[in-house]
Amino acid sequence: MPQLRGPGILDTETRLVARARAGDTGAFEQLAGAHADRLFAVLLRLLGDRGEAEDVAQEVMLRAWRGIGRFHGRSLFFTWLYRIAINEANRSLEKSSRRPVSVSIDAEVLQVPAGTQDEPSRRAEHAQLRQALGKALAGLPPDHRTAIVLRDVEGLSTQQAAQIAGVGQAAFKSRLHQARLKVRAAIGDQALIDAGR
Amino acid sequence: MGLFSRTDDHQWSQQHLSHYVEGDLGRRARRRLDRHAEDCADCGRGIRAMRALLRLIPGIEGAQAIRAPAGIFDKVRFAGTQGTDDDGAPAPPPDA
């Protein structure tokens, strides 16, 4: 979770923001670098293409660096950074007029209960499920995919996710519920129930 | 006779399964779905499927496995100075 923080971490972040605003690239890299892995994972989920996600991630950092003067600490730094990332990902998708073919779901990171991992048939089922989930997410409109990635994959609160998506909480929840219904329909009830056991 | 027909209840329930498992329904709406799901195998299965989906989706997250590329700050280092968006792209939003 990107929002792991305590008062000390917030103090550090405030100091780093001040130094970055004064033109210290090292401070900016420390500040934004703390969120880089999560940010890149989000971009990968949204874009479904590692090369494109890498390009967009660089662009996000550049925009954040150039725009750090507009960040006044009224929200958490990571929500501001993520908002730039969502905007850039959408811009990239619009530019290429495409949807990701599939959202990558790595075999090693799907948290399958330990006891079932040795069973070949269960592994095959979970591989199929990963593929189905990836395709279902990729088939969603970008704003629906964003809702699921921020809220259900990243585990952000509705308030944070809505802020990042740039909409009110009611509108965000509406997107999220619609998105979940679409994913459920794409995968099928029985497949979900079996995989969730 | 109830306020809603069984067909109304079914369609409404199917549209509100995510709200239900998220706890986003008010007391009366929740009771409406509960009552309907008691007699509707489809909606009962839908609730179980939605709960399973919400358990499974966080499992795709890759915090430990996905690493940002080494060159993620290359453009920052190359650009050096701040405050110059010169390609017509929207500037980053101010924080709320």
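Worth a mention:
- Candidate set: the stretch A:125-154, residues that are in contact (Cβ under 8 Å) with a residue 60 or more places away in the chain, touching a helix residue (DSSP H, G or I) at 6+ places or on another chain (Cβ under 6 Å) and more than 21 Å from A:ASP194 (Cα to Cα); chosen: the one nearest to the other protein chains (Cβ to nearest Cβ): A:VAL149
- Residue check, A:ARG91 within 10 Å of chain B (Cβ to nearest Cβ), in a helix (DSSP H, G or I), modelled with pLDDT under 95 and buried (at least 19 other Cβ atoms within 10 Å of the Cβ): no
- Among residues of the stretch A:155-192, those that are hydrophobic (A, V, I, L, M, F, W, C), at the interface with another protein chain (Cβ under 8 Å from one of its Cβ atoms) and surrounded by fewer than 17 Cβ atoms within 10 Å (Cβ to Cβ), counted: 0
- Taken across the stretch A:21-28, residues that are under 19 Å from A:ALA85 (Cα atoms) and at pLDDT 95 or above do occur, with at least one present.
- Of all residues in the stretch B:15-67, those satisfying the criterion of being away from every other protein chain (no Cβ under 13 Å) and either of a type in the set (D, E, K, R) or under 24 Å from A:LEU129 (Cβ atoms) (or both) are B:ARG27, B:ARG28, B:ARG30, B:ARG31, B:ARG32, B:ASP34, B:ARG35, B:GLU38, B:ASP39.
- Residues that are more than 24 Å from the chain's Cα centre (by Cα) and part of a loop (DSSP other than H, G, I, E, B) within the stretch A:12-38 comprise A:ALA22, A:GLY23, A:ASP24, listed in sequence order.
The values are calculated or read from the model by the stated rules, or taken from the named source; none is laboratory data. Keep in mind the model is a prediction, meaning the values are calculated, not measured. Neighbour counts are summed over all protein chains in view; Cβ atoms, including those assigned to glycine, are modelled from backbone coordinates with ideal geometry.
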